[in-house]
Every structure is written in structure tokens, then in C-alpha cells.
Amino acid sequence: MVALVLASAGALACTGAWADPVSPLRVVRYNGLRLTVPRSWPVYDLSRDPTVCVRFNRHALYLGAPGQAERCPAQALGRTEAIVVQPAPGRASSASARRTASTSIPAAIGSGASSSGWWLDRRHGVLITATWVRRPALIRRALGIRSLRLLRHSSGALPPGVTDAAPTESAASAKARSASLPGAVYTGRGFDACSTPSTSTMSAWRGSYRAIGVYIGGVNEASCAGKGLTPGWVSRESAAGWHLIPIYVGRQAPSNECGCQGISPSSAIGQGRSAARDAVNQARSLGLGPGNPVYFDMESYPRGTTNTSAVLTFLAAWTGQLHALGYLSGVYSGGDSGIVDLVSKVGGRYAEPDDLWIARWNGVRDTSDPNVPATYWVNHERLHQNRGDHNETHGGVTIDVDSDYLDGTTAAAGAATGASAPPAGTLPPVVSGPPVVGQQLTLWHGSWTGAPSSYTEQWEDCDGTGENCIPIRGATGQRYVVKPADLGYKIRVMEMASNGFGTGAPVISTATSEVQGSVPLYWLRNRYGNIYASQGTRYYGSPHGSGFRAASITGAAATLDGLGYWVVSRAGKVFNFGDAEGLPAIRPTRRIIGIVAAAEGGYWLYSPAGTIYPSQGTAFYGAPAGSSLRGSVVTGMAATPDGLGYWMVNRAGTVFNFGDAAALPAVRHSGRVAGIVAAAGGGYWLYTPAGNIYPSRGAKWYGSPAASGVHGSTITGFTATPDGQGYWVVDSAGDVFPYGDAASLSAIRHKHAITGIFG
């Protein structure tokens, strides 16, 4: 049960779940699952208020399965950090609840971007869906996980155990209808809505409409989640005669009015092509094959040199890539912004979209527009959105919709191409997903002529060149879970397609990058800026390799998801690699001896005098006063697990706590203290150059070099394992000593003395 009480409008306030009344966080429990979210987030109990619209363009925590009673706007754009937690399939308390849960996986996970994912938590019997943009640390902290790679990043595929709901009409009845055809022109009324209506709603509205716009993905799709778009829904409604308008909400103009992720003018071509590839992946996963259109939703924007140039470049790349993949290109935009810019390119060598969808809310049911000459897009190639957000009721069912009038190309299940010969590959298949042990890779079929009726796949392990490959035994499906045996290899797929005329020649995907371990383990560093990755850990670069030569590197810190790191010099110059963000320079007034990653995505720098310098957007919780250092100097700093505080230690072993870092009993020790490392249980470890490890209350001692009989070595670094149940200790010679569940890995070849280890 949910340990919460109702606040207002379906939002909930937590009762007794947190101790500190001024804490910026609250703890919420659902089915035994503990989530820590910002206090400012509303928490909605969908069982108490099923009308709440589940969408991901607002910070919120949604508890329960979204259902048919959602009241959503006709359109929702943008994406931010949000979470849905609902009973896992088969765990609902009633048959009706199970039916609701089986169809409620939010469409956001099908957006093809790394900013969304799902997790089937079998221990607590819940299905978790999350989205994030600028602050992934909020999601990590909420779910209590170190890396978002624990979440599955799906492109339209449903999680395990989540299936389409059964149709409300018989298959025979559906077949008796006049089914829609892929790529067919439809003339008549249509509508688009944020959520995909249920089969019963579609049936109730069929007497008034025959065309519907459906959102299939994109980084700016807010994804109202209650009634998910699935292959079964597409198949059923196509058979029932509905004409579909697939809508993809990708990057918007650089200066946009919706606060959405914008196009980077210097990367507009690549981003347009990437959006088209992802849109095709989404369409294919829903059963919408080649020959169907996909419409890009380019919201209104202020026309001007930067915006107009970036949008036109992006949309040309979008259209070209869709055509290369066998799909038709459509563009939706405001009649006075994107449409005007597209019209200006007619008659040149510009890659024009096949269909225009013009937004002009004049209430007129036609496809003419004052900004589109009558001789442009005249061959049944226009759609007109003539009325914005409003409620309509048909067959006793009310929906918030936008109204449209169509005389253009629509989509339906299947492909619009015929066949008279075996398929021939025109573009290779694409592999998506992280090449990380335990993660799932997904094959997206290549582009083929001849309307393939079936496919055969074979996954392969390849050497560093990506060319010398061997088949992976038993790996013949469209999905493959990376195994430990794949470590060090690159992975590719060979695909063959067949139809009634035979099987075509195989085509091969591009190989992935080298397979990495399930979580990053550790990196070593030296004062010259060399970074050395452990076995199964990815190398992202180093200051030395970037042209930095001075022997002044004093610290390094991994980002919280382990997909990058920062390296700092004693002058405070910070180098960023992987997904570590390049932040404005800090100009410290003291020598810098270390860097610590913060939950907000930034970092703190610190000096021997105890001075702390937070990066842009990173909270400052305090620093030890000069007198409190007792004549010693600071030697280490460690952030608390949630990143809302930190400890500092001086060489005498005195520990200073700030933010939510607990004030713990003093640790008895001997010798100079070289540093401090946070433990998952809320405490910390201190370590000395002689190899002694001293745990605080709340931290477990797993062993130490000194206790293991290691003498004559100078310990220069210490880092915990990802789950906090062990640690590695390194000496200046580069020897790494594992304790607890820390793996014993192959020795790393290196130059110069090792001055630290981080992970």
C-alpha cells in the first residue's frame, strides 16, 4: 500500500517518511519500494485520482497504473525528470487492474533516446518508468541506483510480461471492416490527441472520424502514458479502417517557444538524420513498414537567420534519411513559421517533405493556406490542423483533441511495397543499446526491397577491427543480452530477409564499440594526466592524450553514472571526458588537491586549507574554518551517497561534516591519514599511506594492505566497488589490492608512479 495521504488534485504529501523538516527531499514508499524525490515534486496516487494525466514534461512521481480516465491536453511537449511506479504485470489486485497494468507502459520508453528507460523490479513487484534530461542524478537518487544503465532503454518494445490488451471486437469483425492501407491518401476529418485512445474509444468515435494523429516518439515528446501505443493497437485500428498520422516530436528550433531541446546549428544534419532513423525504428516496432509516412512535429518558432537555417537544414536531413529508409516524409508546423520557411525552398535542390501538415486554427475544413501557393503540394499532399486544444464528445466518450482536415498521405499497419523477387538490402540493419554485460542489444531491420515476410539474424563477436568475427552460439533472435564472454569484443549482426520469392543476400550491421563490464570498475591516474582503465572499464580520454604535459594533475572523479570523468590540475583547470559536462572554469585562489562529483551533475574542488570551490549549479554546504583544522591540512573529501553533503578529513584524522553528512564518532587510528571514501551504508573509510583502513560507524571493514602483510608500498588511492560491498586500494607502483566483493583484475601497464584510483 502507499504510505501517503492525499494533498490536493490527486497530489500526495508524505506522512512521517522523512526526519528533517527542512530537508529538500521526501521519502515515498510504494509496495515496499523506497523512493527519495525532491520535496517540490508532486506525488500523484492514480488509484485515488485516475483522471491525473501522466506525462513527462513536468517533475512528478506517479504511483499506480495509468488508466482510461486520464484527462490529458491535446498536446504535450518537452521532457524533464519524472517517474511512474505501477504494479508489475500479474501483480495487480484485480482482473480489471491487471488489464489496466498490461497496457499502461508509458510511451516515453519508446522514444529511442537515452533519456528514458524502464525497470521491472521483481522484488517489490513494480514496473518503474523514468525520464530525465538535465538532471539524471535526480532519477539515480530517487531509485537508489548508481547508474541509469540499470534501466532498460527500449525503442518501442514492451518490457517483459507487458502485453497488448485484448481487442474489444473479434478478429472476424475487424476483418469484415474496410481496412486502411499503408501509405494511402485519406480525405476527410481527423483529430490528434496526447494519449492513444483505447479500442473502445476508437470504436465510439469512428462514426465521426476516420483519421487520428498518434505520437510515436522523439526527445521532446511529453508522452502521456495512460493508453500506450502498441503494435496490437496499430494492427487492430488499421483493420478497423482508421487512417493513422504518426507524429515524431524531435528537436525544435534553437530558439523555441516550448522550452524544448533544440537543434544545434553546427550538428543539424546529423541530428536530423538521427531523428529520422529513430522515427523509423519506432514505426517499425509498431508494425508500420516502409511506404508509410512519419510527420515531424516542428512547433512554431521565431523565424530568423539562426532558427530558419537550422530548421531547414535539420528537416532536409530528416526527409533525406526517411527516403533512404523507404519511408515518406511529413512535416507539421505553424503556418507562419516552419511552413513559410519550407515554401521558400520550393523549386531549388532542397529535399522537400512529401506532405505538409499546416497548423492554422481558423476552423475551416480544407487544406488551403494563404502562405502555401496553390501549385505547391497539390497532389493530395496536405493536412490542416484547423482547431487547437478542445473537448469533443462522440459516442458518449469525451477527449481533449486538436481537429484536423486531411487530403494527404496516412499510415497503416504493414508496408506499402510489393514484391516480385527475393528481397535485396539497400541499407544495413542497425544495432541499438549499450554494449555492456547484462544489457540488451536490439536489432532494427535494414531497409530491403521486396516486402520481406521474415528475417533471420545471427549475432557475432568481432575483434578490434570489427571485421574478423565469429558467430555467437544460439544468438539468432532480434534481441541479444550481452554476456561476460563478449567482454573485449565488438558485436555486429548479419541479417537475411525472405519473401515468397526466396531469401536475399545477407547484409551486416556496423559493429558496436568494445563490450564493457556491467558497471565501470576503476581507473588509475598519475600526475602527468595519464588515465588507465581497468579490465572491462571504458577509457574516455586523458589530459595527457589531449596535449597536457605538465606534471600537475592532483585529482580525478567519475560522473555518477560512470560514463565519464573529470580530471583536475593543481591550478584548478578541469578536463572533462565521456559524459562529464564541460562547466565554466573556476578560478581558485589556493592550490587544488582534489575533485569530488556532486549529485547535481557538477563537482567540488578542494584545497589543503579546506577551501571548497563548487562548479556552476553545484550546492555549497560549508567548509572547515581555519582554526578548526588544528594546525593540520586537509587530505581528502568524500560526498555522501545522495550527494547532498560531504565529509572532509585532515592528516590528523579529524573529520568535518557538512550538508547531510552525519557527524559520526571519531575513528581511532594511527599514522597520517591520506584520504576518506564514502561507504554505501552512510559512513566512510579513512586510509593511510602505510595501507591501514579505518571504518567509521556504518561502514564495514573488508581488509587492508597492512593487515594482508603488504609492506614497503606507499598507498596513493582508495575507491569503493559500485555496490559498496568492497573496495580497491592502489599503491604508487600501480599494484591494486581488492577487498570484499572487489574483483581481482588484470594488472594495468602504465608509465610513472600512480597517484590515485577512482571509479
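The values are calculated or read from the model by the stated rules, or taken from the named source; none is laboratory data. On a predicted model such as this, the values are computed, not experimentally measured, just so you know. Cβ: placed from backbone, ideal geometry, glycine included. Neighbour counts: every protein chain shown. Only protein heavy atoms, including side chains, enter the accessible area calculation; ligands, DNA and RNA are left aside. Shrake-Rupley method; radii C 1.70, N 1.55, O 1.52, S 1.80 Å.
Restricting attention to the stretch 459-509 and to residues that are of a type in the set (S, T, Y) and either in contact with a Ser or Thr (Cβ under 7 Å, 6 or more places away or on another chain) or farther than 18 Å from P434 by Cα (or both), the residue that is modelled with the lowest pLDDT turns out to be T465. Applying a threshold of 6 Å to beta carbon distances and a minimum spacing of six or more residues, or different chains, the list of pairs starting in the stretch 706-722 at a residue that is open to solvent by 20 Å² or more (accessible area, probe 1.4 Å) and ending at one that is at pLDDT 90 or above and in a loop (DSSP other than H, G, I, E, B) reads A706/A690; A706/G691; A706/N692; V710/G691; T714/P689; T714/S732; T716/S732.
Selection of the stretch 659-677 for residues being closer than 26 Å to A142 by Cβ, at pLDDT below 95 and either buried (at least 18 other Cβ atoms within 10 Å of the Cβ) or basic (K, R) (or both) yields D660, A661.
Which one is farthest from P246 (Cα to Cα), of the residues in the stretch 406-423 that are open to solvent by less than 50 Å² (accessible area, probe 1.4 Å) and among the hydroxyl-bearing types (S, T, Y)? Step by step, filter the stretch 406-423, then rank; the result is T409. Given the structure, is S173 modelled with pLDDT under 95, open to solvent by 10 Å² or more (accessible area, probe 1.4 Å) and under 30 Å from V331 (Cβ atoms)? No.
State whether the residues of the stretch 525-547 include one that is of a type in the set (D, E, K, R), modelled with pLDDT of 90 or more, in contact with a Gly (Cβ under 7 Å, 6 or more places away or on another chain) and within 21 Å of G759 (Cα to Cα). Looking through the stretch 525-547, at least one residue is of a type in the set (D, E, K, R), modelled with pLDDT of 90 or more, in contact with a Gly (Cβ under 7 Å, 6 or more places away or on another chain) and within 21 Å of G759 (Cα to Cα).
Of everything in the stretch 403-445, what is under 29 Å from the mean Cα position of the chain (by Cα) and either of a type in the set (D, E) or assigned to a strand (DSSP E or B) (or both)? Give them in sequence order.
If the condition is that a residue be under 29 Å from the mean Cα position of the chain (by Cα) and either of a type in the set (D, E) or assigned to a strand (DSSP E or B) (or both), then A411, G414, L427, V430, V431, S432, V436, Q440, L441, T442, L443, W444 are the ones that fit.
Residues that are open to solvent by less than 10 Å² (accessible area, probe 1.4 Å) and among the polar types (S, T, N, Q) were ranked within the stretch 279-298; the one that is farthest from A193 (Cα to Cα) is N292. Can you say whether L342 is closer than 30 Å to W444 by Cβ, in a helix (DSSP H, G or I) and without any contact (Cβ under 8 Å) to a residue 60 or more places away in the chain, as far as the supplied structure shows? Considered against the rule, which asks whether it is closer than 30 Å to W444 by Cβ, in a helix (DSSP H, G or I) and without any contact (Cβ under 8 Å) to a residue 60 or more places away in the chain, L342 comes out as yes. Would you confirm whether any residue within the stretch 730-743 is at pLDDT below 90, of a type outside the set (A, V, I, L, M), open to solvent by 50 Å² or more (accessible area, probe 1.4 Å) and assigned to a loop (DSSP other than H, G, I, E, B)? Yes, that holds for at least one residue.
Restricting the stretch 678-702 to residues that are polar (S, T, N, Q) and crowded, with 20+ Cβ neighbours inside 10 Å leaves a set whose member that is nearest to A557 (Cα to Cα) is T688. Among the residues that make up the stretch 609-617, is at least one of them within 26 Å of the chain's Cα centre (by Cα) and open to solvent by 40 Å² or more (accessible area, probe 1.4 Å)? Yes, some residue in the stretch 609-617 is within 26 Å of the chain's Cα centre (by Cα) and open to solvent by 40 Å² or more (accessible area, probe 1.4 Å).
The set of residues in the stretch 645-665 that are of a type in the set (V, I, T) and assigned to a loop (DSSP other than H, G, I, E, B) contains only T654. Return the residues of the stretch 344-392 that are under 12 Å from V331 (Cβ atoms), at pLDDT below 95 and acidic (D, E); say none if nothing qualifies. Of everything in the stretch 344-392, those that are under 12 Å from V331 (Cβ atoms), at pLDDT below 95 and acidic (D, E) turn out to be E352, D354, E381. Filtered by the rule that a residue be over 25 Å from R527 (Cβ atoms) and assigned to a strand (DSSP E or B), the stretch 699-729 gives a lone residue, G726. Within the stretch 434-446, residues that are on the phi > 0 side of the Ramachandran plot sit with their Cβ atoms under 9 Å from residues that are of a type in the set (S, T, N, Q), at 6+ positions apart or across chains, in these pairs: G438/S518. Somewhere in the stretch 592-600, is a residue more than 32 Å from the chain's Cα centre (by Cα), of a type in the set (A, V, I, L, M) and open to solvent by 50 Å² or more (accessible area, probe 1.4 Å)? The answer is no, given that none of the residues of the stretch 592-600 is more than 32 Å from the chain's Cα centre (by Cα), of a type in the set (A, V, I, L, M) and open to solvent by 50 Å² or more (accessible area, probe 1.4 Å). Checked against (1) more than 26 Å from L288 (Cβ to Cβ); (2) open to solvent by 30 Å² or more (accessible area, probe 1.4 Å); (3) among the polar types (S, T, N, Q), T426 passes all but a single condition, namely (1). For first residues located in the stretch 313-335 and farther than 25 Å from C258 by Cβ, partners that are surrounded by fewer than 23 Cβ atoms within 10 Å (Cβ to Cβ) and charged (D, E, K, R) and lie 6+ apart or on another chain with Cβ distances below 7 Å form the pairs L328/D354.
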